[in-house]
Amino acid sequence: MLLSEIQKIKSTDKELREFGFVVGGVLIVYAALLAWRHGVWNFWIAGIGAALVVLGLVFPPVLKPLQKIWMAAALAMGWVMSRVILMGIFFVILTPLALILRVQGKKFLQKRTSALIEKSYWNLRGAETNDPQRCERQY
């Protein structure tokens, strides 16, 4: 599934130009923030960012391999992080909640056998539920 998404990455001139502007711009801003916070201008980061912006402006097809690699890495990180976040929610929120409710004796699924039907989880209903008019207005 992840490989099919990687193969579907669009690489038109517009997408390549946007890639060059966005990634290059972020690298330039990052180099400027480093210079502002630490007083050291990082020419490598700023140079790579400027090169991406210029290539995106002048000749975007050169950026195609870099864009494919970048987007494949982003898709892979998204795939991994979505599972990490869902596992975190499950183990940090749902598992302790279920344990607390189990200690309190709460059962939301009502899996108790009734005295009327031995060894069954069916709930018996009264005769009023067999009325055909009930099906006309379900909600």
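The values are calculated or read from the model by the stated rules, or taken from the named source; none is laboratory data. These figures come from a predicted structure and were not determined experimentally. Note that we place each Cβ from the backbone using ideal geometry, even for glycine, and neighbour counts take in every protein chain shown. Remember, those area values only see protein heavy atoms, side chains included, never the ligands or the DNA or RNA. Shrake-Rupley method; radii C 1.70, N 1.55, O 1.52, S 1.80 Å.
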Give segment 10-26 a look and list any residue that's buried (at least 16 other Cβ atoms within 10 Å of the Cβ) and not in a helix (DSSP H, G or I), or say none.
-> Ser11
Filter segment 88-122 for residues that are open to solvent by less than 100 Å² (accessible area, probe 1.4 Å) and in a loop (DSSP other than H, G, I, E, B); which is modelled with the highest pLDDT?
-> Gly105
The listed residue being of a type in the set (Phe, Trp, Tyr), more than 16 Å from Met71 (Cα to Cα), out of contact with any strand residue (DSSP E or B) (no Cβ under 8 Å at 6 or more places or on another chain) and modelled with pLDDT under 90, out of Trp41, Trp36 = Trp41
On the given criteria, is Leu52 under 17 Å from Glu18 (Cβ atoms), open to solvent by less than 70 Å² (accessible area, probe 1.4 Å) and at pLDDT 90 or above?
-> yes
Give me the pairs, please: first residue somewhere in segment 47-58 and closer than 15 Å to Lys14 by Cβ, second residue anywhere and open to solvent by 80 Å² or more (accessible area, probe 1.4 Å), beta-carbon distance under 8 Å, and either six or more positions apart or on two chains.
-> Gly56/Arg17; Gly56/Glu18; Gly56/Phe21; Leu57/Arg17; Leu57/Phe21
